[in-house]
Amino acid sequence: MENILVTGGAGFIGSHLVGKLLKEGNKVIAADNFTLGRRENVAAYAGSPDFELAELDVQNIDTLEALMEKHRIDRVYHLAANSDIQQSAKDPMIDYRNTFNTTCSVLEAMRRTGCKKLFFASTSAVYGEKTDANITENMGGLAPISYYGGAKLASEAFISSYTHMNDFEVLIFRFPNVIGPNLTHGVIFDFIRKLQADPEVLTILGDGTQCKPYLYVLDLVDAIYSYSMKDRKGVEIFNIGVENATTVKEIADMVCERLGLKNVRYRYTGGNIGWKGDVPRFQYDLSKIKASGWKPGHDSNGSVRATLDALDI
């Protein structure tokens, strides 16, 4: 049994990871300020003697340090971040505070308490707009075009320096759009909300050709757990995702099908992006993680369909 801290533990991905860690016999502390996290996401674990929910702002280093000292934390899974990229496009300080500052706080609290093991949730957005490239983990010229991507890349840089100076053991996953049960935002969530308000017309940002890989959250959580438990030195980075991708129009079609709507008229806002900072398409190279033996349980379209099946609609 390890004593594990999950920042953002009541969030979409974090809550699923908490369940996995508890199932594997660990003691888990979930820290969340409930900006995006929801208590109902972790309500099922409340009766477990091995689970504690700590309401706190991870940006407060002293409070975080005290929590880690109290529970003698062996390992940190850092998922606390802004995950609503459209919102931070309107206010860059959202990502400065909730994505970059939270990472700085976690690293410093780890340094102060002697905790050495970290998982960091990064993103395909660190690569920027490389629509014609086969994106590998070690490619140069990383140039994020969103505040979110910039904050994640800056976080990776701080992780690198703290790891070198303090002999940390770090696993970083750069993942694409993650979907599944407990989803709270994103294209699927938006389409459902819009169609419930108006089942005849669906407004689609861009031209509907935006095409991205979608990864099912339970596939991701299984990979996070199994890979984070392996011994390593320094920082190891993996692209993680699926080989294929799904267009926005295909998602709209699947949502309409799931809601039983047959004659919805699509109204496109135009252009090949949904909002400034959006990367309309990219191609991951997954050779590294595939060579290590991992493969997802769902492809991109399967992830969308599984998500729709899991949502209460």
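The values are calculated or read from the model by the stated rules, or taken from the named source; none is laboratory data. Everything numeric in this text was worked out from a predicted model, so none of it was measured. Neighbour counts are summed over all protein chains in view; Cβ atoms, including those assigned to glycine, are modelled from backbone coordinates with ideal geometry.
Residue by residue through the stretch 227-236, note down the ones that are surrounded by fewer than 17 Cβ atoms within 10 Å (Cβ to Cβ) and at pLDDT 95 or above.
Passing the criteria: 234, 236.
Please tell me if residue 160 is touching a residue at least 24 places away in the same chain (Cβ under 8 Å) and closer than 19 Å to residue 289 by Cα. No; evaluated as a whole, the condition is false for this residue. Counting only residues that are farther than 17 Å from residue 86 by Cβ and either in contact with a Phe, Trp or Tyr (Cβ under 8 Å, 6 or more places away or on another chain) or without any contact (Cβ under 8 Å) to a residue 40 or more places away in the chain (or both), the stretch 268-291 holds 5 of them. Contact annotation: residue pairs with Cβ atoms under 6 Å, 6 or more positions apart or on different chains, pairing a residue in the stretch 3-27 that is touching a residue at least 40 places away in the same chain (Cβ under 8 Å) and part of a loop (DSSP other than H, G, I, E, B) with a partner that is buried (at least 18 other Cβ atoms within 10 Å of the Cβ) and polar (S, T, N, Q), are 10/41.
Listed conditions (1) touching a helix residue (DSSP H, G or I) at 6+ places or on another chain (Cβ under 6 Å); (2) at pLDDT below 95 are all met by residue 4, apart from (2).
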